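Notes follow once the structure below has been shown.
The values are calculated or read from the model by the stated rules, or taken from the named source; none is laboratory data. Computed from a predicted structure; not experimentally measured. Cβ: placed from backbone, ideal geometry, glycine included. Neighbour counts: every protein chain shown. These accessible areas exclude ligands, DNA and RNA; they are computed on the full protein's heavy atoms, side chains included. Shrake-Rupley method; radii C 1.70, N 1.55, O 1.52, S 1.80 Å.
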Amino acid sequence: MKVLVFNSYTTGQKHKLDNPLSSEDCSSPDRLKARIKELCGFNAEGWYDKDRDYRLPAAEMFTGPLFIQLREGLKQIREHEQYDKNTIDLYFPWYYCRVDGKMIPVGENDTIVPFDTAPLHELEVLEFGGNGVPERTVDLLESYDLVISLLRQDDIESLQRVFEVERAVTMVFLLPKSQRKAVNEDLPNVHVVETGRDLQKSLRTSNYALKGVVIRRLCEAACRDVFQVFEEVKQNPQRLIEIVLNKS
């Protein structure tokens, strides 16, 4: 089985800069290209300074509590002897920070530069037939058997055209009760699994780390049960909470 975890960006980043990539830098292609070049260590004349090169693979850039838990879960499952027969990939939806300039979701191994995440909360709804991002995101999602979304409400609403289309892949959104309205649960194969204070207390974690802990514990359960849990979640998404709480 192929599993995709779709995760929002977090503010905790390895490089803490006074001038990371900003929303203003994305106002024109030329400005964006120049700023990314600068954050890769090159000045206006093209001279390279290693100490000003802040690019990293996405898997190494983020340092927040959610991502630490998520990364630990992925590490464990990928060391399992059965991993090649069942895979789990991590992607992020927003692309402006990509060094290669491609307008597609960011994978763990894609190189990015530090950026200010705040403007991501004010994104417009992306329409089909525009910049092509919704179409490419749909293609990505439909190449998997199971998609687990850790996206915030803002990200979901901006990508709502992607999520409001009926498709075969099972999509599970981890959301608190107050945010489940962001998802159209009337669509087949679209499911919301509620997170919130009760689950947070049960897992003895912070609200910031909660979704990461859920994925870490799901990966731990998969390692114990030889990956059967992913099929269980696909067939009955509400089983996810029982699995991470170690309930039969």
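Quick check on this structure: which one of S143, S178 is on the phi < 0 side of the Ramachandran plot, assigned to a helix (DSSP H, G or I) and open to solvent by 10 Å² or more (accessible area, probe 1.4 Å)? The conditions single out S178.
One residue stands out in the range 200-248 among those that are small (G, A, S) and over 17 Å from L4 (Cβ atoms): the one that is surrounded by the fewest Cβ atoms within 10 Å (Cβ to Cβ), namely S248. Applying the condition of being in a loop (DSSP other than H, G, I, E, B) and surrounded by 14 or more Cβ atoms within 10 Å (Cβ to Cβ) to the range 21-32 and asking which residue is modelled with the highest pLDDT yields S22.
Six or more apart or on different chains, Cβ under 8 Å: which pairs go from a residue in the range 55-72 that's within 17 Å of D110 (Cα to Cα) to one that's part of a helix (DSSP H, G or I) and not charged (D, E, K, R)? Could you list them? Pairs that qualify, where the first residue is within 17 Å of D110 (Cα to Cα) and the partner is part of a helix (DSSP H, G or I) and not charged (D, E, K, R), are R55/L39; F67/G212; R71/A59.
Total residues in the range 146-170 satisfying the condition of being under 24 Å from E232 (Cα atoms), of a type outside the set (F, W, Y) and surrounded by 16 or more Cβ atoms within 10 Å (Cβ to Cβ): the figure is 9. Please go through the range 161-204 and give me each residue that is hydroxyl-bearing (S, T, Y) and touching a residue at least 24 places away in the same chain (Cβ under 8 Å), ordered by number. Scanning the range 161-204 gives T170, S202.
Within the set V138, V125, V147, V162, the sole residue that is at pLDDT below 80 and touching a helix residue (DSSP H, G or I) at 6+ places or on another chain (Cβ under 8 Å) turns out to be V125. A count restricted to the range 33-49 and to residues that are open to solvent by less than 30 Å² (accessible area, probe 1.4 Å) and part of a strand (DSSP E or B) stands at 2. It is to be established whether one or more residues within the range 12-20 are out of contact with any Asp or Glu (no Cβ under 9 Å at 6 or more places or on another chain) and open to solvent by less than 40 Å² (accessible area, probe 1.4 Å). Among the residues of the range 12-20, at least one is out of contact with any Asp or Glu (no Cβ under 9 Å at 6 or more places or on another chain) and open to solvent by less than 40 Å² (accessible area, probe 1.4 Å), which makes the answer yes. With respect to being under 17 Å from L74 (Cα atoms) and among the acidic types (D, E), D225 fits the description. Reported count of residues in the range 69-102, each being in contact with a Phe, Trp or Tyr (Cβ under 6 Å, 6 or more places away or on another chain) and within 16 Å of R35 (Cβ to Cβ), is 1.
Just to be sure before I move on: is P93 surrounded by 16 or more Cβ atoms within 10 Å (Cβ to Cβ), in contact (Cβ under 8 Å) with a residue 12 or more places away in the chain and under 19 Å from T137 (Cβ atoms) in the structure I sent?
yes
For the structure I just gave you, tell me whether D186 is more than 15 Å from the chain's Cα centre (by Cα), open to solvent by 20 Å² or more (accessible area, probe 1.4 Å) and either among the small types (G, A, S) or modelled with pLDDT under 90 (or both). Considered against the rule, which asks whether it is more than 15 Å from the chain's Cα centre (by Cα), open to solvent by 20 Å² or more (accessible area, probe 1.4 Å) and either among the small types (G, A, S) or modelled with pLDDT under 90 (or both), D186 comes out as yes. Here the condition is being within 21 Å of the chain's Cα centre (by Cα) and more than 30 Å from M1 (Cα to Cα); of V113, V106, it holds for V113 alone. Summed over the range 50-81, residues that are farther than 30 Å from M1 by Cβ and open to solvent by 60 Å² or more (accessible area, probe 1.4 Å) total 4.
Taken as a whole, the structure leaves L187 outside the set of residues that are of a type outside the set (G, A, S) and in a helix (DSSP H, G or I).
Residue-level check: of (1) touching a Pro at 6+ places or on another chain (Cβ under 7 Å); (2) open to solvent by less than 30 Å² (accessible area, probe 1.4 Å), G107 misses just (1).
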